[in-house]
Amino acid sequence: MKKISFIICTIIFCLGIGCTSFAMDGDETYKEKVPRIIFVEDEEMPKVAAGEELKLLITYKNDSSHSAKNIRITPSFEEVPLVYERPVAYERILSLRPDKEDKASFNLKVADDAKVGVYGLKFKLEFENQRDETYTSEATVHFNVYKEKVKPIVAISNISTGEAPVSAGGNFKLTFDVSNNGEVKADNVEILITGQSEDKFMVVDSNDYKYIGTLESNQKIHQEFDINVSDKISKGNNTIGVDIKYKDTSGNELSTQKTIYVLDVKSENEVEEEDETAATPKIIISSYMTNPNTIVAGNDFSFSFTVKNTSKEKRLRNMKITISSQDGAFIITKGSNTFYVEEILQDDSVTKIIDLKAKQSLTSNSYPVIIDFDYEDYSGKQYAESETINIPVTEYSKLVINSVMPGQGYTGSNTSLSFDYVNMGKATVSNLTASVEGDYTCVQSINYIGNLEPGNSDYYDIEVIPSKSGTNYGVLVLSFEDSSGRIVEVKKDFEGFAMEEPVFEDPGIMDPGVINPGMMEPLETKEPIETWVIVLSGLGSFMITFIISKLITTKIVRKKLEDEI
């Protein structure tokens, strides 16, 4: 009897311990199942020109051990030159399991007036776990605007004063075309006739102003003005001006001034065979160009210009052309600054070329080239003219890499690459980025550093991966924009050493007293046990214990009664 009672107590005690242990395990603190959504960076940064569409295909990943659902990705358009017709967002309703990827597509447009540079488009990520708990995070995707759109350039062409000669005291119709030769539209275009006076030209009824409004890229509009000629006007060549004002898409005010030459104005009642010596022949610069188009301070360039004799009656001779600049901004590098032209026929032109060098200390600005003309006609009368051409110059930029020091690492694993650099130029280095070529690859394909003022130096570290064991050869590439927006690259070779990644073999039977932390398997994280499971388990254990105790006790009582009988 005592032995049976001991067995019953032992069973009850063990069941009690099991229930207690089960309850203690289920009473662990509840841990949130927090998913983590990240962007998988592309190897190459998207490049787009101003005014073009920007198509972003973003790869996002669930970088956690918990599923995520109801994912919503929304871009923020603050501080980026992007335009859109309506709010743009991406939604994924279904669940994204741990360590899985998906893609989101965004079709955007870069603003017409976007400046060259690297921009970061921020995204807000919203998602839920399987318990419908909501979480948010942020991610940024960089893109490169490598080219700006040409601003609106409003110009005048096809100028005409009519077929009939312009005579003192008469009228003529001034016609011309106004065109936008830029890549973006011009707004608030206004036209004003200037240079009027009582002894030259006056617009009939004072209608010297016209408002055009918007002028799209490559659009052309024909304009006409009725002009009255004063009876006091000088014979020969006279001028009248046209002033055009307009705005670009950013609201910046721009203007164009044009001088129109009204040739061979005749005196009142003058016959067509007027005295050849009466008209004054004019010399103008009809066109000019530089090679290269962008002139950097300290660099050489060629300057070519075309001289035109505007007279339809007089040929000119013994012309002396002298080139000069203010404060020695441009230096003659070859030959002389003086040209001699023996003769220019009526309405004819001659082109000259001179080699110059922009002074290295020049800042970004336009600097005048002065062209003086001394000449005479065939009657021996002498004339003098002067023209000024403004030539834009970009500041001298020079970024020097002093040293590059790669860290020693393992093949295929991250190591650091340290370098220092100095801005020895005259202009700010803008949007400086770093990348590598050769046996090394960057963990981030493009590393954005920022700006560096003239005379300043700095150092930077980036993460790189050597591709082979032994000596690895690489090239550090620093890319930046000068003050004109031109992309400049500076490179420096370097070399480093890498070892093979160590391989750990199976140690077999090891001394139990020696434990290698690297060989230990990570402990599985126990999932928290729900309260209702604990309650049901306890009740079940109690019922089993009660039934077993009842059966054993009944059997003992029956056997005792049988023995007594």
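The values are calculated or read from the model by the stated rules, or taken from the named source; none is laboratory data. The model shown is predicted, which means the values in this text are computed figures rather than measured ones. All Cβ positions, glycine included, derive from the backbone under ideal geometry; neighbour counts span all protein chains shown.
Taking every residue in region 213-225 that is under 7 Å from ASN180 (Cβ atoms) and pairing it with any residue that is surrounded by 11 or more Cβ atoms within 10 Å (Cβ to Cβ) and among the aliphatic types (A, V, I, L, M), at least 6 positions away or on another chain, the pairs with Cβ-Cβ distances below 8 Å are LEU215/VAL154; LEU215/VAL178; LEU215/ALA186; LEU215/VAL189; LEU215/ILE221; SER217/VAL184.
Tell me yes or no: at least one residue of region 123-131 is more than 37 Å from the chain's Cα centre (by Cα) and modelled with pLDDT under 90. Yes, because at least one residue in region 123-131 is more than 37 Å from the chain's Cα centre (by Cα) and modelled with pLDDT under 90.
Among the residues of region 318-371, those identified as within 37 Å of the chain's Cα centre (by Cα), crowded, with 17+ Cβ neighbours inside 10 Å and of a type in the set (A, V, I, L, M) are ALA329, ILE354, LEU356, ALA358, LEU362, VAL369.
Can you confirm whether region 144-155 contains a residue that is polar (S, T, N, Q), part of a strand (DSSP E or B) and free of Cβ contacts under 8 Å to residues at least 60 places away in the same chain? Within region 144-155, not a single residue is polar (S, T, N, Q), part of a strand (DSSP E or B) and free of Cβ contacts under 8 Å to residues at least 60 places away in the same chain. Taking residues in region 377-389 that are without any contact (Cβ under 8 Å) to a residue 12 or more places away in the chain, and partners anywhere that are not charged (D, E, K, R), the pairs with Cβ atoms closer than 9 Å and at least 6 places apart or on different chains are GLN382/ASN318; GLN382/TYR375.
For the subset of region 96-122 comprising residues that are of a type in the set (Lys, Arg) and under 30 Å from ASP132 (Cα atoms), which member is surrounded by the most Cβ atoms within 10 Å (Cβ to Cβ)? Once the filter is applied, the top-ranked residue is LYS122.
Would you list the strands (runs of 3 or more DSSP E) that sit entirely within region 322-424 and hold 2 or more residues that are within 27 Å of GLU437 (Cα to Cα)? Explain how you work it out, then say what you get.
Values: elements: 330-334, 338-344, 349-358, 365-377, 382-393, 399-406, 415-423.
Per the criteria, 399-406, 415-423.
Scanning region 421-459 for residues that are hydrophobic (A, V, I, L, M, F, W, C) and either under 19 Å from SER403 (Cα atoms) or in contact with a Leu (Cβ under 7 Å, 6 or more places away or on another chain) (or both) yields VAL422, MET424, VAL429, LEU432, ALA434, VAL436, CYS442, ILE449, LEU452.
Answer with yes or no whether THR294 is surrounded by fewer than 20 Cβ atoms within 10 Å (Cβ to Cβ) and in a strand (DSSP E or B). No; evaluated as a whole, the condition is false for this residue.
Of all residues in region 178-199, count the ones that are under 17 Å from TYR261 (Cβ atoms) and surrounded by fewer than 18 Cβ atoms within 10 Å (Cβ to Cβ). Total meeting the criteria: 4. Applying the criterion of at least 2 residues that are over 43 Å from the mean Cα position of the chain (by Cα) to the strands (runs of 3 or more DSSP E) found wholly in region 187-245 leaves 201-203, 220-229. Taking region 64-87 as the range and being without any contact (Cβ under 8 Å) to a residue 60 or more places away in the chain, surrounded by 14 or more Cβ atoms within 10 Å (Cβ to Cβ) and either among the acidic types (Asp, Glu) or in a loop (DSSP other than H, G, I, E, B) (or both) as the test, the residues that pass are SER64, PHE77, VAL80.
Looking at SER76, SER105, SER67, SER95, which one is within 27 Å of SER430 (Cα to Cα), of a type in the set (Gly, Ala, Ser) and over 12 Å from the mean Cα position of the chain (by Cα)?
On the way: SER105 fails: within 27 Å of SER430 (Cα to Cα); SER67 fails: within 27 Å of SER430 (Cα to Cα); SER95 fails: within 27 Å of SER430 (Cα to Cα).
Just one listed residue meets the conditions, SER76.
Scan region 260-275 and tell me whether some residue there is at pLDDT 90 or above, surrounded by 14 or more Cβ atoms within 10 Å (Cβ to Cβ) and either of a type in the set (Lys, Arg) or farther than 26 Å from TYR367 by Cβ (or both). It would help to see each step written out before you state the result.
Pass one, region 260-275, residues at pLDDT 90 or above: none.
Taking every residue of region 260-275 in turn, none turns out to be at pLDDT 90 or above, surrounded by 14 or more Cβ atoms within 10 Å (Cβ to Cβ) and either of a type in the set (Lys, Arg) or farther than 26 Å from TYR367 by Cβ (or both).
Could we say that THR136 is over 25 Å from the mean Cα position of the chain (by Cα) and either among the hydroxyl-bearing types (Ser, Thr, Tyr) or part of a loop (DSSP other than H, G, I, E, B) (or both) here?
Working: over 25 Å from the mean Cα position of the chain (by Cα): yes; either among the hydroxyl-bearing types (Ser, Thr, Tyr) or part of a loop (DSSP other than H, G, I, E, B) (or both): yes.
Answer is yes for this residue.
Residues in region 440-457 that are in contact with a strand residue (DSSP E or B) (Cβ under 6 Å, 6 or more places away or on another chain) and more than 22 Å from ASP42 (Cβ to Cβ): ASN451, LEU452, PRO454, ASN456, SER457.
Of all residues in region 412-433, those that are of a type in the set (Val, Ile, Thr) have Cβ atoms under 6 Å from Cβ atoms of residues that are loosely packed, with under 13 Cβ neighbours inside 10 Å, 6 or more apart or on another chain, in VAL422/SER457; THR428/GLU453.
This table checks each residue for (1) acidic (Asp, Glu); (2) in contact (Cβ under 8 Å) with a residue 40 or more places away in the chain; (3) touching a Gly at 6+ places or on another chain (Cβ under 8 Å); (4) not assigned by TED's automatic domain parsing to the domain that holds ASP226.
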site	(1), (2), (3), (4)
SER160	no, no, no, no
VAL166	no, yes, no, no
VAL189	no, yes, yes, no
MET202	no, no, no, no
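Pairing each residue of region 250-265 that is more than 23 Å from PHE172 (Cβ to Cβ) and without any contact (Cβ under 8 Å) to a residue 12 or more places away in the chain with any residue that is part of a strand (DSSP E or B) and of a type in the set (Phe, Trp, Tyr), provided the two are 6+ apart or on different chains, yields C-beta distances under 8 Å for GLU253/TYR246. Restricting region 179-209 to residues that are at pLDDT 90 or above and charged (D, E, K, R) leaves a set whose member that is farthest from GLY169 (Cα to Cα) is ASP187.
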